[in-house]
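Trainee: Encoded as structure tokens, here's the structure I'll be asking about.
The values are calculated or read from the model by the stated rules, or taken from the named source; none is laboratory data. Because the structure is a prediction, the values reported are computed rather than measured. Every residue, glycine among them, receives a Cβ derived from its backbone with ideal geometry; neighbour counts consider all protein chains shown. Accessible surface is based on the protein model in full, side chains and every heavy atom, while ligands, DNA and RNA are left aside. Shrake-Rupley method; radii C 1.70, N 1.55, O 1.52, S 1.80 Å.
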Amino acid sequence: MTQPARRAGLAPWSMILSLGLVSLAIDMVSDGAISVGGVFLEQLGATAVLVGLVTGGAEALALVLRLVTGPWADRTRAYWAFTIAGYGMSAVSVPLLALSPFLGGAGLAVASVLILLERTGKAVRAPATTVLLAEPAAAVGLGKGFGVHKVLDQVGAFAGPLVVAGVAAVAGALWPAFLVLIVPAVFAMGLLAWLRARVPDVRVYRSSESPDAGAPSRAPRRFSAAAGSRSAFVLFAIFAALTEFGLLSFGVISFHLADAELAPVAAVPLVYALGMALAAVAAAGTGWAYDRWGPLVLLAVPVMTAFVPGLVFGATLPLVLAGVVIWGAATGVQDSTVKALVADLVPEDRRGAAYGLFSVFQGAGAFAGATVAGVLYGHTVALVAVVGVPQAIALVLLLLVLRRRRVRA
């Protein structure tokens, strides 16, 4: 029997780093747009509530639709096809935002649809990409693998807003920046095609003793596991929903920066870049800490999240920046190390479906949080109370998950 590892076109770390470069480039595109999404919609005539609905709905789509794309990817094992299609949707929709200001009354509607389409691309690719990453990451350590990938991902999330800020400052408008983002989009799609040719099946990273290392998929992949594992997974998914609820949406945060005249439009992407820089640091730090000390590191997430609303909607720029620092750090952990625990809770061949189901909970929390933030905009004390209670519940749920995981082990 041929050893799977000998057929790998790239070493595990090379695969992780290459996928990270793809994420870096496409996140320059996606996060460049996200960094000014709220401001751009406001310029087109949107209210705080509409900004919350659109940006929150976009994040919800990026997460909830994974309930469909995750099992679909598992069933067909077309992980590369889903990944390429999803990245392609983001690569096309963001540059098209440049047309919105020239469409008159339809501009706001078109921009809203394109923002939703870009996040739909995230939903299409995310479960499949996570499976592609989980296989080589398992060979080097899930926490380290996801953490390093997240660092590269966040470098793009940091660089994209810088590009947007620079172009907006020079051009005096946001729309030319969307056109410039075509460059990293083309790079990402080219590198992705090369990776697909080098490693057509990521199961080559499994050990030869794995019983299904070379077996084809014959049945639909639905998430299932032992009763104890299922209950721990559901509790952890609720934990993620509650913490996502408290992280709100940068679209509403950026709306506040413009509406309260705390920063010029060209500086808003720089605030987002600050958050993404902290997300990268937090992802790397907690990734290594996860492999060393286990999921106890996740207890920091609801604690940090509880401070976000009171700071990001503050009356001064320093307060908002402090809130964005905490928001970014919590976001980095939520998007990286949290996934490592999901991988530990479910069987290898059910990860795509499990990540899809898990994302439904995250999406519901993200949409609810952004909508509530838009509705309660201007009523910060009430928003702090609405966010604080779920974070206390999230802490208790995570402790229950860790206890059940320890007992089952």
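Trainee: Only residues that are open to solvent by 40 Å² or more (accessible area, probe 1.4 Å), within 12 Å of residue 32 (Cβ to Cβ) and more than 21 Å from the chain's Cα centre (by Cα): list them for region 151-181, please.
Mentor: 179, 180
Trainee: Just to check your reading of the model, which residue among 156, 147, 166, 160 is within 28 Å of residue 367 (Cβ to Cβ) and modelled with pLDDT of 90 or more? Write out each step before concluding.
Mentor: Values: 156 fails: modelled with pLDDT of 90 or more; 147 fails: modelled with pLDDT of 90 or more; 166 fails: within 28 Å of residue 367 (Cβ to Cβ).
On inspection, the qualifying residue turns out to be 160.
Trainee: Something else now. All but one of (1) open to solvent by less than 10 Å² (accessible area, probe 1.4 Å); (2) at pLDDT below 85; (3) of a type outside the set (A, V, I, L, M, F, W, C) hold for residue 269; which doesn't?
Mentor: (2)
Trainee: Please state which one of 247, 296, 278, 242 is hydrophobic (A, V, I, L, M, F, W, C) and either at pLDDT 90 or above or at positive phi (or both). If you could, list the steps in order and put the result at the bottom.
Mentor: Working: 247 fails: either at pLDDT 90 or above or at positive phi (or both); 296 fails: either at pLDDT 90 or above or at positive phi (or both); 278 fails: either at pLDDT 90 or above or at positive phi (or both).
None of the others qualify; the one that does is 242.
Trainee: On to the next question. Look through region 298-329, keep the residues that are under 21 Å from the mean Cα position of the chain (by Cα) and in a loop (DSSP other than H, G, I, E, B), and return whichever of them is surrounded by the most Cβ atoms within 10 Å (Cβ to Cβ).
Mentor: Among those residues, the one meeting the criterion is 306.
Trainee: Please go through region 278-306 and pick out each residue that is among the aromatic types (Phe, Trp, Tyr) and closer than 15 Å to residue 393 by Cα. Give the steps one after another, and end with the answer.
Mentor: Going through region 278-306, the residues among the aromatic types (Phe, Trp, Tyr) turn out to be 288, 290, 293.
Those that are among the aromatic types (Phe, Trp, Tyr) and closer than 15 Å to residue 393 by Cα: none in region 278-306.
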